[in-house]
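The values are calculated or read from the model by the stated rules, or taken from the named source; none is laboratory data. From a predicted model like this one, the values you see are computed outputs, not experimental measurements. Every residue, glycine among them, receives a Cβ derived from its backbone with ideal geometry; neighbour counts consider all protein chains shown.
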Amino acid sequence: MKLTIGVMGSSGGNLGEEVLKKAYRLGEAIAERDATLITGGCPGLPGILSACWG
């Protein structure tokens, strides 16, 4: 069974560089495991994670 992971977060505001790096790494880790990612589909934190899928 394929794992489904939901990640929710802010769609705006000032996300510091450290948070951006961690969010991108989290997205990469989810993509590496071929899991299904569910986000709000907005910019900000969810958009960063979604970027890992190209």
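Within the range 1-15, the residues that satisfy the criterion of being out of contact with any helix residue (DSSP H, G or I) (no Cβ under 8 Å at 6 or more places or on another chain) and at pLDDT below 85 are GLY12, GLY13, ASN14.
Looking only at residues in the range 1-23 that are among the aliphatic types (A, V, I, L, M), over 9 Å from the mean Cα position of the chain (by Cα) and part of a helix (DSSP H, G or I), the one that is farthest from ALA51 (Cα to Cα) is VAL19.
Do we have LEU26 as part of a strand (DSSP E or B), aliphatic (A, V, I, L, M) and at pLDDT below 90 here? First the steps, then the outcome.
Numbers: part of a strand (DSSP E or B): no; aliphatic (A, V, I, L, M): yes; at pLDDT below 90: yes.
When the stated conditions are applied, LEU26 does not pass them.
Quick grid of which residues meet (1) in contact with a Cys (Cβ under 9 Å, 6 or more places away or on another chain); (2) free of Cβ contacts under 8 Å to residues at least 40 places away in the same chain; (3) surrounded by fewer than 13 Cβ atoms within 10 Å (Cβ to Cβ):
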| site | (1), (2), (3) |
| --- | --- |
| LYS2 | no, yes, yes |
| ASN14 | no, yes, yes |
| GLY27 | yes, yes, no |
| LEU45 | no, yes, no |
